[in-house]
Every structure is written in structure tokens, then in C-alpha cells.
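What follows is a short report on a single structure.
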Amino acid sequence: MVQKQQPNYTFALTVVIIVCFLIGFVTTMNNSMIEFCKNAFNLNETQGQLVNSAFYGAYAMSIPFALMMNKIGYKATLVLGLAVVGLGFVLNFLCINSNLNGDVATIYWMFLGCMFIVALGIVMLQLVANPYVMVLGSPEKGAFRMTLSQALNSVATTVAPIFILNVILSGKDAQSAVPSDIPFPYLGLGLFTLILCAILYFLKLPNINEEEQAAESGATERKYKSSVFMYPHVWLGALGIFMYMGVEIGIPSMLPAYFKEDPSLGSATDYLWLYWGGMMVGRFVGAGILSKFKPRAILTTCLVLGALCVAVSFLLSGIAAVYAMLASGLFHSVMWPLIFNLGLQELGPHTKSASGIINLGVVGAATLPLLMGRVVDEPSLGVGFAIAMMFIYYGYIIWFCNWGSKIGISSK
């Protein structure tokens, strides 16, 4: 029998890398806008965290979008997602630019609404990127490819805060932020995304079929359950992502409040790139070591070390405590792809639908930072108590990594 040649997915992976860069850039830029919005719109901590709620709340559409992706395919979802992102940015320009003389509260709600539209497109792109990377190659290298794609995503997350400082703020101090700083940079992002959308529309991308890949790899003997909803590790993985978002977004979301308690530290926006830069370095390193160590061991180690960085920050003060918190980004770096990979184990034809369920966990970034912001605004609690809530998130992920991800699947 002549063995069928393995398809070359290099070009398809390159396209996914571009999408991963855009996802990382837009997502981190949104989170990094919290301090900007608090100053420009005169907000308290809870109101400022609505930036996260509006953006990550769109992930509640993950399951419907995953079902849609099953119907229309990867490429159509990719193009549609880019179109929605571009539309959201252009609407942001039109709405804010035409209402600059209006009430700042109204402008803020317009901003949040438009960013929700942008986030809907990002959800579609996220759904495409994660399973695409998983199936573009051998299953045993899935975690490696996903971590590598996230490493490149982290390049964008490091650039995004710098973009805010040098383009949106144009070198001004964050305390001087005003609504009129927003429209034109966002228009530029919208036009870039729409141009990318048009280019990808005319490009030929492979149609990935998990069922055919399973047959070609000799996995036809495996019997899958009738529904993805019957796999407990998928739902536990979604909760893992939910908790992880409190870990990843918790530090950069709480940093402005931490700096507010000690004005001598300066502006949190000046330091955010260090956190995301640490995640970038960690993902590149992680992509290299994943081929040598078991994913569960790496994830457990990173969880313990990340929690240790946060714990050490409570023993320090001033800028030293800030650097300890920022250092946690180095260990948060590989958590997303490893949690996601554990949730997608042994699913075959259910991979696309499972991706939607697991992505639903991203709404943790819409709820947990908002809850933490409410804790900060409570005089008897404060920012220290809010940051301490992260130890609960770390604890659950450790449990999922070592026990919960094995529930309902055959042992490896």
C-alpha cells in the first residue's frame, strides 16, 4: 500500500499566525485601556473594569459561533470575524468622533458598545485559531504548535501597551487622557483589519476535516461519544479557562488601582508592557521545552511559580512589589494553550464544538476582574484583598491539570 503524503500546512499556519497576532494585539490593547478610560471618563475602579466586561462578555457567544463554524467552515468564519472586528473599530471612530462635545458617560457607553462588536469578531477568530493549530499537523505536537502560536501572539500583546502610549496617548501622561484621543487610531486599526479581511477572502485555504484526518491516521477504531456535551473534561476545561482569565487579566487589571494607592510609583501604563513581555518570553521558552517535558508537569510548575510571585509581592512594598507581580507573567505564559489542549483531548469529530465550549470560559475575564474591582472599591477590603483572590484561581487550575482533565477520557 502506498502511504498518502502528509499535506503541507505551512501556509495555513502562517495565516493563523497573522490572526493570532491580531487577537493578541486587540485583546491586550483593550485591557490596557482601563487606566486611560478611568482618567478620560472620570470612572471609579468598578466602572473601569467594564472595559473588560464589555470585551470578554462577547465570549458568551462562543458556543453559537462554534456551531456556526461547523456549518460555514474555518475560512468563512475567519473572514467574517475579521470583517466584524474592522466594522467595530470603524463604528467606534464614527460614534465617538461625532459626539466629542456630548456627555462623557454617553461616549463611554458608545465606546463599550463598539468594543463589544470588535470582541464578537475576536471570538470568531479565536475559535478558528485554536482548533486550526491543533489539527494542522500531528496530534502529539498539538500542544507545541499551540504554545508556539501563542508565543507569536505574545509579541502583539507586548506591542499593544506601547501602541497606547505612543499612538493613542501620543506620548502624553495617562492622567491627561481625553476621549478625543480614541477615534483616529481606532479608525486606522479598522481599515487595516478590513484590508486583511479582503486579502484573505481571495486566498485559498485548506478545508480541514477532523473525521478524515482521524481515518487517515488509523484512528478509525476509536469510538467517540454521540455528543461533545458528554465529555466532563471539556466543561472542566472551560472552567479552567474561566479561572485562568482571572489569573492572566487579574494583574494588569488591578495594577492601575495598585498604583493609585501609591502615586509616587507613576503610571501603571508605563509598566504593563513588562508583564506582557514576560508572557512573550515565557511562551517562546515554553515552545522549546514542551517537547522535552510532560505538559501537565510544566503547567503545574508554572502555576506554583506564578502564585509564588504574587505571594512574594505581599512581602514587598513599592516598586519591588510591582516587579514581583509583573514577573508572574513569565509563568502565566504557557497556561492558556496547556489548559486548552487538556480540554481538547480525545475528541475527534467533536473538536470544533469543544473549542466553543472551552472558549466560553473566557467570560471569566468579564466577571472576575469586575468582581475584583468591586472589592477594590470597598473601603474595608481594597486592592490587596482583590489580588489575593487570585490564589483561588490558581488552586482550581492545579486541580484541573492533575485530576479534572482526566475525568471522562481514557488514561494516557
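The values are calculated or read from the model by the stated rules, or taken from the named source; none is laboratory data. Just so it is clear, the structure is predicted and the values come from calculations on it, not from any experiment. With ideal geometry, Cβ positions are generated from the backbone for all residues, glycine too; neighbour counts draw on all protein chains shown. What goes into the accessible areas is simple: the full protein's heavy atoms, side chains included, and nothing from ligands, DNA or RNA. Shrake-Rupley method; radii C 1.70, N 1.55, O 1.52, S 1.80 Å.
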Legend entry - Unique residue being part of a helix (DSSP H, G or I) and open to solvent by less than 50 Å² (accessible area, probe 1.4 Å) when the list is Ala297, Ala320: Ala320
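Of the residues that sit in the range 186-212 and are in a loop (DSSP other than H, G, I, E, B) and open to solvent by 20 Å² or more (accessible area, probe 1.4 Å), which one is modelled with the highest pLDDT?
Looking at residues that are in a loop (DSSP other than H, G, I, E, B) and open to solvent by 20 Å² or more (accessible area, probe 1.4 Å), I get Leu203.
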Legend entry - Residues located in the range 327-370, provided they are open to solvent by 10 Å² or more (accessible area, probe 1.4 Å) and either farther than 23 Å from Met61 by Cα or among the acidic types (Asp, Glu) (or both): Ala327, Leu330, Phe331, Glu346
Inset, instruction - Tell me which residues, restricted to the range 55-76, are open to solvent by less than 20 Å² (accessible area, probe 1.4 Å) and modelled with pLDDT of 90 or more. - result: Phe55, Tyr56, Ala58
Legend entry - Number of positions in the range 249-287 that are under 11 Å from Gly329 (Cα atoms), open to solvent by 20 Å² or more (accessible area, probe 1.4 Å) and modelled with pLDDT of 90 or more: 1
Inset, instruction - Check off (1) at pLDDT 95 or above; (2) of a type in the set (A, V, I, L, M); (3) surrounded by 16 or more Cβ atoms within 10 Å (Cβ to Cβ) for Leu290 and give me the number that stays unchecked. - result: (1)
